[in-house]
Amino acid sequence: MEKSWQAAGFRQYSGSQIDVYYNKDICSHSGNCVKGNAHVFDVSRKPWIVPDADRYEAVEQTIDTCPSGALRYVRKEEAL
């Protein structure tokens, strides 16, 4: 799954408990991510996505509000 996302243009941002994938080409720039969790999603920082800046549950909750599907995640097994 993750390999096909990367082949489709998604960039991976790795965390200890969750990996976040982002595709700028399909992003609708609704701002749900930065408004929903500025600790993880901060466009003034590089990298702009830091999955370990909050609990993985909070990261999942924020990504689930992405209307375009430009953000995706995979929870790592040790987080379960």
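Show which lysines lie in cross-link reach of residue 76 when reach means a straight Cα distance below 19 angstrom and same-chain residues fewer than eight apart are skipped. By straight Cα distance, residue 76 reaches 3. Electrostatic tally near residue 33: other residues with Cβ closer than 11 Å to its Cβ, Lys and Arg +1, Asp and Glu -1, net -1. Mean sequence separation of contacting Cα pairs (under 8 Å, at least six apart), scaled by the length of the chain, corresponds to a relative contact order of 38 percent.
Restricting the calculation to Cα atoms, every distinct pair contributes to the Kirkwood radius of the chain, found to be 12.5 Å. Among 26, 18, 63, determine the one that fluctuates most according to a GNM of the chain built with springs between C-alpha atoms less than 10 Å apart. The residue with the greatest mean-square fluctuation here is 26. Dipole check for the chain: with +1 at the C-beta of Lys and Arg, -1 at the C-beta of Asp and Glu, and the Cα centre as origin, the magnitude is about 300 Debye. The trypsin sites (Lys or Arg not before Pro) of the stretch 35-80 that DSSP puts in a loop, and whose beta carbon has at most 15 other beta carbons within 10 Å, are 45, 55, 76.
Read the figures in this text as sums done on the coordinates, not as results from a lab. Computed from a predicted model, the values in this text were never measured in an experiment. FYI the Cβ positions are ideal-geometry reconstructions off the backbone, even for glycines, and counts take in every protein chain you see.
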